[in-house]
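For reference, the structure discussed in these notes is given below.
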Amino acid sequence: MNREYINDHHIVARYLAQRLSDAERSAFEAYFLKHPEMVEELEEAAQLKAGLMRLRDTGELESLLKPKPWYRQRRLYDLRGRFGGTLAAAAILGVSAFLWLNRHPVASGQWLAPTPASLLGPLGRPLPAGGTYTILRTRGESTDLDIELPASAQTLALRVLPETMAQPAVYRVTLYAVDGTELHEVATVAGLTPADDEFVPVFLDSSQVKQGRYRLAIESEGSPASRSVFALRFSR
Amino acid sequence: MDLQQTHETSVIRDTAGDEDRTRLDALISSNYPGLRSLIFRTVRDRALAHDLLNEAVVIACEHYRSGRIAQRDRIAGYVYQVAMNLLRNYRRKLSEREDRRAGLQALELLAATDIDYERLESQIAARVRDIVEDLPTARDREIVTRFYLDEDEKETICLDLGLTHLHFDKVIHRARKRMKSLLEAQGFRKGDFFAVLLSLFG
């Protein structure tokens, strides 16, 4: 065993987790006895593990794992410390520009809509059309659809195939953000009807979506048991 | 190796007086806080965790004195090796005796009654909180948690989260690097631990 193998195979953490084979364990123990500096890495990893255990036991870990709103992210705090005055000035300018741009009544903040015309940009105009994505069950895949988000706000057309055809054929689509093992509802739209090919069209404002995992559920409004759920992943 | 004391180590332990034992405890706390805390969080029995680590140090010293460990700077690694063996044996036995595992309530009660231990664990938790908060995305935080806490394998995590191995390695490297720099900033180094330790046992 050598240094490269230890790094590449995350041997230190797996040793502490007692997940090495007998041969790997013996080889690693022989290595760190010969290389005392490795003990510091063992201690660092042990503290990382023990600290996480403690945070879990005290209930802090759950909140640490939740996505943070942009204004609470550590990098912004760091910037604020260094460039506090500049950031404040930039924020005032930004708010002023936003208010000026929004002299006209505008939408929207809306994630999902039954028609593309319902999704509006900052000037109250419909968003430009983006890609069209077909969502249907793909067995054996952990994610049913990967969607690359455009750089600017666009309307993404989603075509969703329900697994159960309902009568009457009126559907509700709900989008959930995946947060660890929890789902948080972020948008829902009702009264959707399928096209001739049985796919249900629904439209999404790309600017509302963050990178990450989501679940999209479709169900008949009269029959919640008909619900189908699809795994989506958005990336940039 | 077993948790049962051997005759040899009993003799060594008996030669250390209360004052020496106190010094030994302090040395273990200051030089092996991670190992100590990890063992405690695993066995969930403070007295047992304490005995187990103490035993590992005593055995390492004995082996050094008897010549089984040729160089003094290898003792630190030897302590880790012995402690992990003792822990592995303990886990094996525990699977046969569920009644020995203390519940979370008992664990927190112990934490509340041992101020020194509580302080040590709080410091470790504060470092780890800082590391987790510093990771830029919820997914990166999930990677670190699943790898170090849930002990999931890299392949499983990558498959579940749709990650490349390269991204996984970057996130883990970042967390490790951050822990290293935090410890270095607080002056954590093995130092002359073993010189002092050996003086305890002659």
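Throughout, read-outs are computed from the coordinates displayed, never taken from laboratory work. In this text the structure is predicted, and so the values were computed from the model without any measurement. Neighbour counts run over all protein chains shown; Cβ positions are idealised from the backbone, glycine included.
Could you work out the local net charge near A:L161, counting Lys and Arg as +1, Asp and Glu as -1, over the other residues with Cβ closer than 10 Å to its Cβ?
My count for the surroundings of A:L161 gives -1.
So, counting K/R as plus one and D/E as minus one, what does the shell of residues with Cβ under 12 Å around B:E151 add up to?
Values: positive: A:R14, A:R19, A:K49, B:R146, B:K154; negative: B:D150, B:D152, B:E153.
Net of charged neighbours comes to +2.
Would you compute, for the Cα atoms of region A:137-216, the largest minus smallest coordinate along each principal axis and list the three values in descending order, in whole Å?
Dimensions of region A:137-216 along the principal axes of its Cα atoms: 35, 29, 22 Å.
Please list, ordered by chain and number, the residues whose modelled amide H lies under 5 Å from the amide H of A:Y133; skip anything fewer than 5 residues away on the same chain.
Distant-sequence amide H within range of A:Y133: A:A157, A:L158, A:R159.
Along region A:120-128, what does the Karplus equation 6.51 cos²θ - 1.76 cosθ + 1.60 (θ = phi - 60°) give for ³J(HN,Hα), rounded to whole Hz, x for Gly and Pro?
Result, rounded to whole Hz: 10, x, x, 9, x, 9, x, 5, x.
Return a whole-number percent for the relative contact order of region A:167-236, with Cα pairs under 8 Å and 6 or more residues apart as the contact set. Provide the component values of the computation, followed by the final result.
On the way: 125 pairs, mean separation 23.1, N = 70.
Computed over region A:167-236, the figure is 33 percent.
If I model a spin label as a point 7 Å beyond the Cα along the Cα-Cβ vector, how far apart are those points for A:D146 and B:H63 in nm?
Once both label points are built, they end up 4.7 nm from each other.
Taking amide H positions as placed in the peptide plane 1.01 Å from N, state which residues far from A:G121 in sequence (5 or more) or on other chains have amide H under 5 Å from it.
For A:G121, the qualifying residues are A:L127.
Kindly flag which residue pairs out of A:K66/A:K210; A:K210/B:K170; A:K49/B:K154; A:K34/B:K180 have an alpha-carbon separation exceeding 18 Å in this structure. It would help to have the intermediate numbers written out before the result.
Working: A:K66/A:K210 14 Å; A:K210/B:K170 21 Å; A:K49/B:K154 16 Å; A:K34/B:K180 21 Å.
A:K210/B:K170; A:K34/B:K180, as the Cα separations exceed 18 Å there.
Ordered by residue, what ³J(HN,Hα) values in Hz, to whole numbers, does region B:158-173 give under the Karplus form 6.51 cos²θ - 1.76 cosθ + 1.60, where θ = phi - 60° and Gly and Pro are x?
4, 5, 5, 9, x, 9, 7, 4, 5, 5, 4, 4, 5, 5, 5, 4
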